[in-house]
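Trainee: My structure is below; once you've seen it, I'll send some questions.
The values are calculated or read from the model by the stated rules, or taken from the named source; none is laboratory data. Please read these numbers as outputs of a predicted model, since none were measured by experiment. Glycine gets a Cβ as well: all are built from the backbone with ideal geometry, and neighbour counts include every protein chain shown. For accessibility, only protein heavy atoms count, side chains too; no ligands or nucleic acids. Shrake-Rupley method; radii C 1.70, N 1.55, O 1.52, S 1.80 Å.
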Amino acid sequence: MAENGAGGGGGQNLAVLDALDSARTQMYHMKAIVIAGMGFFTDAYDLFCITTVSKLLGRLYYPDSNADIGKPGTMPVRINNMVTGVALVGTLMGQLVFGYFGDKLGRKRVYGITLVLMAVCAIGSGLSFGSSASAVIGTLCFFRFWLGFGIGGDYPLSATIMSEYANKKTRGAFIAAVFAMQGVGIIFAGLVSMIVSAIFLHYNPAPAWDAHHGLTVDGQMDQWPGADYMWRVVLMLGAFPAVATFYWRMKMPETARYTALIEGNAKQATNDMQKVLEIRIDEEQEKLSKFRAANEYSLLSMEFARRHGLHLIGTTTTWFLLDIAFYSQNLTQKDIFPAINLTGTPGSMNALKEVFVISRAMFLIALFGTFPGYWVTVALIDKMGRYLIQLLGFFMMSLFMLVMGIKYEYLKDKGHALFAILYALTFFFANFGPNSTTFVLPAELFPTRVRSTCHAISAASGKAGAIVAAFGVQTLTLKGDPKHMKQALILLSVTNMFGFFFTFLVPETMGRSLEEISGEDGNVAGAAAGHVDKDVEKAPPSSTEWQPPSSMN
């Protein structure tokens with residue numbers, strides 16, 4: 001057992017927090033990663049499986065839209081944007097609501113609600129009913145909005161819980177590992193859609209659209225019911241990981257940092273951590289009272305603005321700009337795949353065959369581009385630091401998208417292999433880059449009292465960027481027009497470069513305790529005398545007040 005006294009570790013910090021920061025990596029850390037990570041697996045599956053079936057929905061419910069120009073499956077722009085984007089709107093709202101209540105009620109109390117909501121709404125999405133296209137799509141959008149609402153809650157809660165459990169040496173890797181399960185979820189979205197569509201295709205064969213022009217002519221009538229069941233099965237399968245994880249999530253204790261610093265119960269925090277981690281900790285109720293008294297400032301206070309205002313601007317802007325590009329990549333894959341020769345033309349396939357080839361392409365891109373980036377981040381984030389990885393990722397994404405935009409016609413017509421490589425590399429550097437670090441940093445930079453809320457604000461800003469992608473950028477790419485595809489790629493390159501420059505507002509957090517980073521450990525001495533002395537209050541510069549990253553250790 002590791003024994004920590006009142007003065008262990010950080011000197012001014014509480015013993016229970018020093019114990020957490022210095023605890024060796026144990027089985028409970030791995031269990032927490034899996035429990036929190038399965039939420040992100042479910043999140044990614046539910047958000048991105050819609051990409052594999054959206055063209056099928058177009059063929060089923062809007063067969064006449066763009067069919068006259070040989071592009072079956074292309075839904076009206078407004079409908080397509082609603083189907084793919086409504087979950088993102090729900091996610092944004094869920095992040096803000098659950099993030100706020102995570103600080104007010106506790107992380108654990110609201111953590112299970114998100115899973116229940118996700119499971120119920122995933123099943124509801126598959127049961128979307130109605131006798132007309134508008135009724136089915138309307139019901140689908142209703143359930144996907146609330147599905148997104150539950151998904152939104154997982155962002156701030158999972159990140160905050162993992163950051164507050166982790167030790168400072170490997171905290172970045174632990175948080176990044178939770179988020180890396182998003183990559184696994186995207187892989188399974190493609191894999192499950194591919195398997196399910198292959199099964200239905202086997203039992204519901206049909207000629208290509210060019211041969212019979214639709215699902216309801218000649219021999220294609222038999223594919224209609226099978227295709228309609230197929231997309232429902234894919235969406236409903238998203239409920240299973242949420243249900244499987246619920247019990248274990250409810251067994252997790254409240255984080256010691258919340259119990260001690262917000263609820264003011266050092267004894268309970270100590271007992272909770274001693275049950276799950278092999279450490280012995282001294283109780284410090286008197287010191288805790290002084291610690292809390294010096295850190296009572298709220299999110300809307302001038303003290304928060306002085307200490308963390310630029311940090312919050314940095315985390316919100318970078319996540320917003322990143323998600324414009326990241327969700328544009330994922331939501332428009334079905335439109336990019338024909339250009340890089342990973343799928344055939346819509347007219348050369350029947351409905352279920354098209355789902356299969358889109359899912360296969362999505363699976364391959366995720367497996368060889370998306371997935372490795374997440375885990376390279378896990379391996380290097382506590383060696384290279386968050387700041388450098390984020391700068392590198394934004395720069396490389398901007399470079400690759402600029403090349404694809406400028407050379408789009410050439411790559412589309414003659415450079416399919418190069419196009420596929422460049423496209424995969426943008427996914428790699430999104431995930432070995434800002435898609436991971438924008439999730440990690442807000443969980444580390446802000447004080448315990450507002451950590452979940454600040455992460456929620458940052459994540460909601462990201463989802464605002466995703467909504468721009470779904471309702472804006474996707475409008476340019478929907479019909480695959482080369483001129484508009486080129487414009488979209490160049491626009492995303494510029495967006496990533498803005499993200500590169502806004503990263504300079506975010507300090508490095510590697511290797512320091514959460515209390516040192518947020519400045520919470522800098523006020524204890526002054527608070528002992530009943531006030532906060534300016535000289536005593538001032539923590540290391542990068543902890544509480546923004547400093548250029550180059551000045552940090």
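Trainee: Normalised by the number of residues in the range 381-430, what is the relative contact order in percent for Cα pairs under 8 Å and 6+ residues apart? Don't skip to the end; give the middle numbers.
Mentor: Details: 27 pairs, mean separation 24.0, N = 50.
Here the relative contact order equals 48 percent.
Trainee: Find, to one decimal place in angstroms, the Kirkwood hydrodynamic radius of the range 384-444, where the mean of 1/r is taken over every pair of different Cα atoms and then inverted.
Mentor: It works out to 12.2 Å.
Trainee: Whenever you get a sec, compute what percent of the accessible area on the range 140-200 sits on carbon and sulfur atoms (1.4 Å probe).
Mentor: Of all accessible area on the range 140-200, carbon and sulfur atoms account for 88 percent.
Trainee: By average Cβ neighbour count within 10 Å, what is the ranking of 249-258, 393-402 from highest down?
Mentor: On the way: 249-258: 20.4, 393-402: 22.8.
In descending order of packing, they fall as 393-402, 249-258.
Trainee: When only alpha-carbon atoms are used, what values of Rg and Dmax, in angstrom, describe the range 336-436?
Mentor: Just the Cα atoms of the range 336-436 yield Rg and Dmax of 15.5, 50 Å.
Trainee: Can you list, bin by bin at 10 Å, the percent of alpha carbon pairs in the range 458-508, starting at 0?
Mentor: Calculated P(r), rounded to whole percents: 23, 44, 25, 7, 1.
Trainee: Additional query: Note down the nm distance, to one decimal, between modelled labels 7 Å out along Cα→Cβ at Lys267 and at Met384.
Mentor: For Lys267 paired with Met384, the spin-label model returns 4.8 nm.
Trainee: If you average the sequence gap of Cα pairs under 8 Å that are 6 or more apart and divide by the length of the range 114-220, what percent do you get for the contact order?
Mentor: Dividing the mean separation by the residue count of the range 114-220 yields 18 percent.
Trainee: Could you list, in their original order, any pairs among Lys267/Lys383; Lys267/Lys463; Lys104/Lys463; Lys168/Lys251; Lys251/Lys383 whose Cα atoms are separated by more than 30 Å?
Mentor: Cα-Cα > 30 Å for Lys267/Lys383; Lys267/Lys463; Lys251/Lys383; rest within.
Trainee: Here's another thing I want to ask about it. In Å, what Kirkwood hydrodynamic radius results for the range 94-166 from the alpha-carbon pair distances?
Mentor: In the range 94-166 this quantity evaluates to 13.0 Å.
Trainee: Take the Cα gyration tensor of the range 19-159, multiply each eigenvalue by 5, square-root it, and list the three semi-axes largest first, rounded to whole angstrom.
Mentor: Taking √(5λ) for each eigenvalue gives 37, 15, 12 Å, largest first.
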